[in-house]
Amino acid sequence: MDTCFLCRKHKGLEEAPPGGYIYEDEHWMVCHAPARLGPLGTLFIESKRHFVDYSEMTIEESETLGKVLKDIYLALRRHTDAERIYQVTTVEGVPHFHTWLVPRRKEQAERGLKFLARDDACTQPESEALAGLMRSSMA
């Protein structure tokens with residue numbers, strides 16, 4: 001039995017992300033974070049293979065991650081009007097490689113770590129709608 005939350009999630013044994021997966025290829029899956037965990041547009045890029053950090057990536061995984069990031073950043077900017085997109089990788093709570101992408105809009109007064117420390121959330125319908133828009137633009 002898998003004890004890793006993300007491995008179980010990828011097998012459909014955990015709740016699906018809001019709106020389903022936005023993007024998937026041989027190595028990566030991208031989804032909107034649960035609405036309670038961040039502002040609208042907070043995404044997770046999750047490795048399909050179980051490993052913990054960048055040092056454990058295969059060459060192919062590290063090469064393809066750059067293209068996934070570029071494509072996701074472009075789509076996220078297009079659909080959220082983000083001025084900046086913060087990327088955070090801690091792998092503390094769930095020891096399976098995943099990175100958070102958190103968009104910051106121009107009207108947000110806080111910047112950097114002050115912005116990331118906010119206790120923001122969005123709604124489930126908002127996150128589902130954005131996932132659908134992004135999936136369409138990534139196809």
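The values are calculated or read from the model by the stated rules, or taken from the named source; none is laboratory data. Since this is a predicted model, take the numbers as computed values, not measurements. Note that we place each Cβ from the backbone using ideal geometry, even for glycine, and neighbour counts take in every protein chain shown. To get the accessible areas, we keep the full protein, side chains included, count just its heavy atoms, and leave off ligands, DNA and RNA. Shrake-Rupley method; radii C 1.70, N 1.55, O 1.52, S 1.80 Å.
Details
- ³J(HN,Hα) computed for each position of the range 100-111 - Karplus, 6.51 cos²θ - 1.76 cosθ + 1.60, integer Hz, glycine/proline x: 8, 10, 10, x, 10, 7, 4, 6, 6, 6, 6, 10
- Amide hydrogen neighbours beyond the local backbone of GLU83, cut-off 5 Å, H modeled: ARG104, ARG105, LYS106
- Placing pseudo-labels 7 Å out from each Cα toward the beta carbon at ASP53 and ALA109 gives an inter-label distance of 3.6 nm.
- The chain, accessible area per residue, ligands and nucleic acids excluded (1.4 Å, Å²): 55 Å²
- Annotation: amide H of LYS48 within the under-5 Å range of TRP28, MET29, sequence separation 5 or more or interchain, hydrogens built in the peptide plane.
- Computed from the Kirkwood radius of its Cα pairs, the Stokes-Einstein diffusion coefficient for the chain at 20 °C and 1.002 mPa s stands at 140 µm²/s.
- Within the chain, CYS31, CYS122 have no other Cys Cβ under 4.7 Å of their Cβ and so lack a disulfide-compatible partner by this rule.
- Using the Cβ-Cβ distance between LYS67 and ASP2 with R0 = 25 Å, the FRET efficiency computed as 1/(1 + (r/R0)^6) comes to roughly 0.30.
- Accessible area of the chain belonging to carbon and sulfur atoms, whole % at 1.4 Å probe: 54 percent
- HN-Hα J in Hz across the range 50-64 - Karplus 6.51, -1.76, 1.60, θ = phi - 60°, x for Gly and Pro: 7, 7, 9, 9, 3, 5, 9, 5, 6, 4, 5, 4, 5, 5, 7
- Rounded to whole numbers, the Karplus 3J(HN,Hα) couplings from phi for the range 37-49 are 9, x, x, 4, x, 5, 10, 10, 9, 10, 6, 6, 7 Hz, using 6.51 cos²θ - 1.76 cosθ + 1.60 with θ = phi - 60°, and x at Gly and Pro.
- Highest mobility in the GNM of the chain, judged by mean-square fluctuation with C-alpha springs under 10 Å and restricted to VAL30, VAL94, VAL68, is found for VAL94.
- Candidates per GluC sites (Glu not before Pro) in the range 38-114, loop by DSSP, up to 14 other Cβ within 10 Å: GLU92, GLU107, GLU110
- Normalised by the number of residues in the range 30-106, the mean separation of alpha-carbon contacts (under 8 Å, six or more apart) gives a relative contact order of 40 percent.
- Descending Cα extents along the principal axes, the range 50-95, whole Å: 33, 26, 13
- Inter-label distance, ALA16 to GLN87: 2.8 nm, where each label sits 7 Å from its Cα along the C-beta direction.
- Distances between placed amide hydrogens fall under 5 Å for ALA33 paired with THR42, LEU43, PHE44, all partners being 5 or more residues away or on another chain.
- Contact order for the range 71-139, expressed relative to its length and based on alpha carbon pairs under 8 Å spaced 6+ residues apart, stands at 34 percent.
- For the range 6-67, the square roots a ≥ b ≥ c of the C-alpha gyration tensor eigenvalues yield an a/c of 1.5 or more together with a/b exceeding b/c, which makes the shape prolate.
- An oblate overall shape is assigned to the range 73-139, the ratio a/c of its alpha-carbon gyration tensor axes (a ≥ b ≥ c) being 1.5 or greater and a/b not exceeding b/c.
- Loop-located trypsin sites (Lys or Arg not before Pro) in the range 1-40 whose Cβ has at most 14 other Cβ within 10 Å (DSSP): LYS11
- Per-residue [θ]222 nm for the chain (sum of -39500 (n - 2.57) over DSSP H runs n ≥ 4, rounded to 500): -10500 deg cm²/dmol
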